[in-house]
Every structure is written in C-alpha cells, then in structure tokens.
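The values are calculated or read from the model by the stated rules, or taken from the named source; none is laboratory data. Keep in mind that what you see is a predicted model, and the values were worked out from it rather than measured. Positions of Cβ are backbone-derived with ideal geometry, glycine not excepted, and every protein chain shown enters the neighbour counts.
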Amino acid sequence: MNEFNERDDSAQTVPRLKQQPKQGLLHKSPWLVLVFSLLITGLAWHVATDTVNVAKNAYFDFRVREAITRIVQRMQAYQQVLLGVQGLYKASVSVERHEFRSYIGSLHLADHYPGIQGVGFSLIVPAAAKNAHVGALRKEGFTAYDIRPEGHRELYTSIVYLEPFKDRNLRAFGYDMYSEPVRRAAMEDARDNDRMAMSGKVRLVQESGGEEQAGFLLYLPIYRNGLPHSTVAERRTNIIGWTYSPFRMNDLMQGIHGERASDLDIEIFDGKEATAGSLMYDSAQNHTAGPSLRSSLLSSTAIEIAGRPWTIHIRALQGLHSRVDSRRPELIAVAGLVISLLLTWLTWSLVTGREHAVAAVRERERLIAELQKAIAEIKTLEGILPICSVCKKIRDDKDAWNQMETFISEHSDAVFSHGYCPDCAKKVMEDIKKKP
C-alpha cells in the first residue's frame, strides 16, 4: 500500500541559523583586544617618557647655562673692584694706607660682593731695600711686622694693604706671595701681559686649619705713573706691585644660585682636567648624597676666567627632576592598564553572551524540527487508516489494521490495547464450550 508510506517532506523544512564564524577566533577576541590595548598603552607611555626626558634635558641645559653665567658674572664683578683700585693708583702720586682703607670701605664688599675675602696691595721690595721697608712699617705701629716666609731672595713682595684688615686677613699681612710657585706664576702673567690674571688652586694664608676651603687669587699689576709699560721689559722694570683679591671657594659660591641651589650638584676643577687634586668646589657637600647624585643629566663645561681655565661639572639633583612633571608616563601606564582590562572584560562579555544566544537559537530550532516531524508523522496516519473512500466508515480489513499497528509501533512508543469485540467474544465462548 503506497498510500500508507507517503510523507509530506515540505512540512519538515525549518529555517536554519546561518553558518557562524569559527569559534576559535571568537574565543581569542578578548586576548587580542588585551594585547592590542597594552601595545597602545606601551606606545603612549614611551612617547610620554620621551617628552618628559626632552623637557628635563631642556630645563637642565637652561639651568647649566644659568649657573655658569652667574659664576662668570660674579667673577667679572670682582674684577671690576681690582680695576677700580688700579684706577685709584693711576690717579694718585701715592696711595696711603688710610686712602686705601677709605676707598675699599666705600665699596661695602660684604653687601655688594659676597664671597670676596678682601682686597689688598702687594708691594715689590728689592732685596737691598728690605730692611728699610721693614723699619718703615714698624714705625707705622706694626712692631711685629716682617716679610714672610723668612730667607734670602733676590726679590720680595709683601702684602702691605689688605681690607678689611681684621680676622683672617691679619694672617696675610707681610706675606710674600711671590715666594710661592702657583701665586708667582699668576703674578708674572699679570705683570708681563698687563692684564688680570687668576692663580691656580692654593691654600690661602688666611686658613687656620679648621674647616679649610680651596682658594685662589686674582691679580692686577700696578705700574709707576708716568713711565712706559708697553713692552714686557718695560713692564718688568716699572711695576711697583699688584692689587689682588683672595677667594675662598665655598664662600664665593654661597648663595650664587639662589633658592634653586638644591637642583644641581656643581663641581669646579682648577685647570682642564677633573681630578681629585684639582677639585676646588663641590656643592654636593651641602646636600644629602645618594642616588640623586647618579643622575643621567650631566654636563661638563670649560670656561676661562682671567686667563685661567676652569672645568665645571654639573649634574641634576632630585630637586630639578621634581620641577618637571615626570608623573605623566606613570599616569598613562596606569590608566592604559585599567582601560585595557575593561575593554578585555567587555569583549569577553559580548563573546560569551553571543555564544549563549546562539545556543538558545539552536535549541529552539531543534524543538521546532521535532515538533514539525511529529506533525508530519501524525499526518501520515491519514494514509494508513482503513477508511472507505465512499461512506467514510472504517473498513473491517484485518490486513489494513495489522499494517497500521506495525507502522505506529515503528514510529512511536504507542501500544495498542488488544481485546475481543462482542462478536468475536461470543464465537470464542462457543468454541470453548464445545471443547471437552
């Protein structure tokens, strides 16, 4: 019976969910977002760090130029003091002690020239005139006066004027600076070239042995008025002495950099080479030593003052770094990390939410398919029921009923109830009675 096996295949057609992208790529999406976000954060951090470093370098260069300019300007101002003394001698037949004291006092050194130890005059004393010279000074009231150090020399010099004439400066009275090689070299340079000359590193005679500082001196020659000094020979013949100023390095540098002195570590070396022996000044002695001194910002500059070279090393301290906003890279790194994690979490939420939605749709499709299948199978019962096509009554067709029972049992869990109809029951009872 072909009519019993016909199916409506169109009833089983169900819309299917479109093929989805590979799940592996979706699962990797949060990690890809995290890696990309961290790369962007790293790039931003690198750019910010470079920007901060450029700003620090620019500010450091500015501070180095400023520091060196202040040192040079201070020394130029002190040279003007000696030029003024030279002018005093040129304008006078002789300069007496009280005149010298009055002139230097009018300059108010302590107020206008911080760091200067004093201003003096060193007189040339020929060996033949030494005794007369000592006698004249003692008659002025300096009964213990003598030229120091002792010993015979062809030429003596003596500090006869030094203002302010008190405290440490009293120790320098009568000292022969020409007897000491470093001082002598500067004095000869000033004499022969008729210019300002600066000595190398020395220990000043003003030092008493406690809290000593490196020192140096500035010299300016004084020639006899009315006599020529155009040539070296004329200068050596007609020189009468030198006006000079002694300096203690720490005192000289005190306050030169103002309120921002803690920004820089400044080292000043005598000469062109930076050695322990040539170190004249180190501002780090006034600061706390530590990691801040190991800054990558370091400058080395050579300058010349009154014909003498100085080498200046400057490195940045923590104070300078704090004046430049260096927190931006850290803020970018922290913010970038937080944003990267948030984006990763959001991507993960979207991916897992989509997977749940896809699973729900697939379950709905499965249920619909099963329902449609059940409906289709029920419809097939129309083809296997033994119904008369004319009167629409169920036919008494044993073979048809057996075929229907077999079909239903193959396609469902339904179980037929078996029993006897009234006619069959009557017949069965009659057969039973007939049996012995």
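Could you tell me whether Arg191 is in the same structural domain as His133 (by TED's automatic domain parsing), basic (Lys, Arg) and touching a residue at least 12 places away in the same chain (Cβ under 8 Å)? Give the steps one after another, and end with the answer.
Numbers: in the same structural domain as His133 (by TED's automatic domain parsing): yes; basic (Lys, Arg): yes; touching a residue at least 12 places away in the same chain (Cβ under 8 Å): yes.
Judged against the criteria, Arg191 is a match.
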>> From the list Met196, Met253, Met177, exactly one residue is touching a residue at least 40 places away in the same chain (Cβ under 8 Å), closer than 26 Å to Thr143 by Cβ and either surrounded by 16 or more Cβ atoms within 10 Å (Cβ to Cβ) or in contact with a Lys or Arg (Cβ under 6 Å, 6 or more places away or on another chain) (or both). Which is it?
In response: Met177
> Identify, please: which residue in region 203-226 is free of Cβ contacts under 8 Å to residues at least 60 places away in the same chain and out of contact with any strand residue (DSSP E or B) (no Cβ under 6 Å at 6 or more places or on another chain) and is, among those, surrounded by the most Cβ atoms within 10 Å (Cβ to Cβ)?
Replying inline: Glu207
> Among the residues of region 227-250, how many are in contact (Cβ under 8 Å) with a residue 40 or more places away in the chain and within 27 Å of Ile116 (Cβ to Cβ)?
Replying inline: 11
> List the pairs whose first member sits in region 49-75 and is under 21 Å from Ile303 (Cβ atoms), whose second member is surrounded by fewer than 17 Cβ atoms within 10 Å (Cβ to Cβ) and among the small types (Gly, Ala, Ser), and whose Cβ atoms are under 9 Å apart, counting only residues at least 6 apart or on separate chains?
Replying inline: Arg70/Gly258
> Quick one: would you say Gly115 is within 21 Å of Ile266 (Cα to Cα), touching a strand residue (DSSP E or B) at 6+ places or on another chain (Cβ under 9 Å) and touching a residue at least 12 places away in the same chain (Cβ under 8 Å)?
Replying inline: yes
> If you go through region 128-150 one residue at a time, how many are in contact (Cβ under 8 Å) with a residue 24 or more places away in the chain and over 26 Å from Gln86 (Cβ atoms)?
Replying inline: 2
> Given the residues Leu109, Leu82, which is the only one that is in the same structural domain as Phe165 (by TED's automatic domain parsing), surrounded by 13 or more Cβ atoms within 10 Å (Cβ to Cβ) and modelled with pLDDT under 95?
Replying inline: Leu109
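Is it the case, given these coordinates, that Arg191 is in a helix (DSSP H, G or I) and crowded, with 20+ Cβ neighbours inside 10 Å?
In short, yes.
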> How many residues does region 43-79 hold that are surrounded by fewer than 17 Cβ atoms within 10 Å (Cβ to Cβ), at pLDDT 90 or above and of a type in the set (Ser, Thr, Tyr)?
Replying inline: 1
> Can you tell me which residue in region 112-167 is surrounded by the fewest Cβ atoms within 10 Å (Cβ to Cβ), limited to those that are closer than 25 Å to Leu218 by Cα and of a type in the set (Asp, Glu)?
Replying inline: Glu154
> Where residues in region 145-173 are among the charged types (D, E, K, R) and outside any helix (DSSP H, G or I), which of them is nearest to Ser208 (Cα to Cα)?
Replying inline: Lys166
